[in-house]
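First the structure, in the form of structure tokens, and then the observations on it.
Values quoted throughout were computed directly from the atomic coordinates according to the rules given, and no laboratory measurement underlies them. All values derive from a computational prediction rather than experimental measurement. All Cβ positions, glycine included, derive from the backbone under ideal geometry; neighbour counts span all protein chains shown.
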Amino acid sequence: MLKVKDLNVYYGVIHAVKGISFDVPNGKIVTLIGANGAGKSSTLKAIAGLVKPKGSILFSDKEIIRHPAHEISKLGVALVPEGRRVFINLTILENLRMGGFNKKISELEPLYEKMFELFPILKERAHQKAGTLSGGEQQMLAIARALMSEPDLLMLDEPSLGLAPLIVSEVFDILRELNKQGRTILLVEQNAAQALKLADYGYVLENGAITLEGEAKGLLENDEVRKRYLGED
Ligand SMILES: Nc1ncnc2c1ncn2[C@@H]1O[C@H](COP(=O)(O)OP(=O)(O)OP(=O)(O)O)[C@@H](O)[C@H]1O
Ligand SMILES: [Mg+2]
């Protein structure tokens, strides 16, 4: 579904992503793990059209590199950004409406219902301002907002950030469920243990380059990964 080849992201003189290549096959969960500053967010932003990279990004065999963000979104790619970025002064429903910006009015109601089924907590709070939600609830809302565009590829940038372990499990359970329903997922995480338990395939990103890749189960057992990312001796 997604084929990234020789992707480079520069911020002025900073070379944040250094020619990485990776694939996200249809129906799979792929994770990119790495420490602070490894280039994880830059990679997702490049795919979403939020920074101007070099290289090649094929989505369903179509070259989308440097296409405008709204076009990439229309093609079926959605990003749940780092730090959630929900619109705190808008209600839950209004936030969902923003996510469905490319939908016809008549399509919105059934989509809201779908989201409320997936995230019952959002239904109870539909008319409440998003800023009044807890961190975990805001993360659910951010995911629901992204799903409103009915993306073929859902990308998430550190959805576990700042959440209690129990809530992280809830979020990851939802990702597992979404994947079962056929959604393809590209997950960026520092929480390597959780991400590798969920994913089919993983890539380790260090200083803008991929240093290791493999089946997620294999990476969980890899000594280097255990030492550096799972905090084991
Ligand atoms: N807008 C920007 N301007 C200049 N440098 C940037 C910008 N955004 C990111 N960088 C730099 O690019 C590198 C990669 O950053 P990026 O945010 O992609 O890392 P990350 O893996 O997502 O890190 P984190 O886990 O902290 O979110 C870092 O060195 C960062 O300082
Ligand atoms: Mg980041």
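Tabulated values for the structure
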quantity: Computed [θ] at 222 nm, deg cm²/dmol, the chain (DSSP H ≥ 4; -39,500 (n - 2.57); rounded to nearest 500); calculated: -11000 deg cm²/dmol
quantity: Förster-model FRET efficiency, 35 Å R0, residue 75 and residue 227, C-beta, rounded to 0.05; calculated: 0.35
quantity: Residue-span extension gain [residue 88 to residue 21] - 0.36 nm each, minus C-alpha spacing; calculated: 20.5 nm
quantity: Nearest-0.05 FRET efficiency for residue 117 and residue 207, computed from C-beta distance (R0 35 Å); calculated: 0.25
quantity: Rounded to 10°, Cα long-axis angle of helix 105-118 versus longest principal axis of the chain; calculated: 70 degrees
quantity: Normalised contact order of the chain, rounded percent, pairs of Cα under 8 Å and 6 or more residues apart; calculated: 27 percent
quantity: Simple label model, 7 Å out from Cα along Cβ direction - residue 6 to residue 127, nm; calculated: 5.7 nm
quantity: The chain - charge dipole about Cα centre, Lys and Arg +1 at Cβ, Asp and Glu -1, debye rounded to 20; calculated: 700 debye
quantity: Backbone HN-Hα couplings from phi across segment 88-94 [Karplus 6.51/-1.76/1.60, Hz, Gly and Pro as x]; calculated: 5, 8, 9, 6, 4, 4, 5
quantity: Ascending count of other beta-carbon atoms within 10 Å, so fewest first, for 17, 30; calculated: 30, 17
quantity: Share, in percent, of DSSP beta bridges within the chain that are antiparallel, nearest 5; calculated: 55 percent
quantity: Segment 90-153 versus segment 178-233: alpha-carbon centroid distance in Å; calculated: 28 Å
quantity: Under 13 Å from residue 3, Cα to Cα: aspartates and glutamates that are on another chain or at least 8 residues apart; calculated: 23, 61, 63
quantity: Residue order, fewest to most surrounding Cβ atoms within 10 angstrom, among 21, 42, 149; calculated: 21, 149, 42
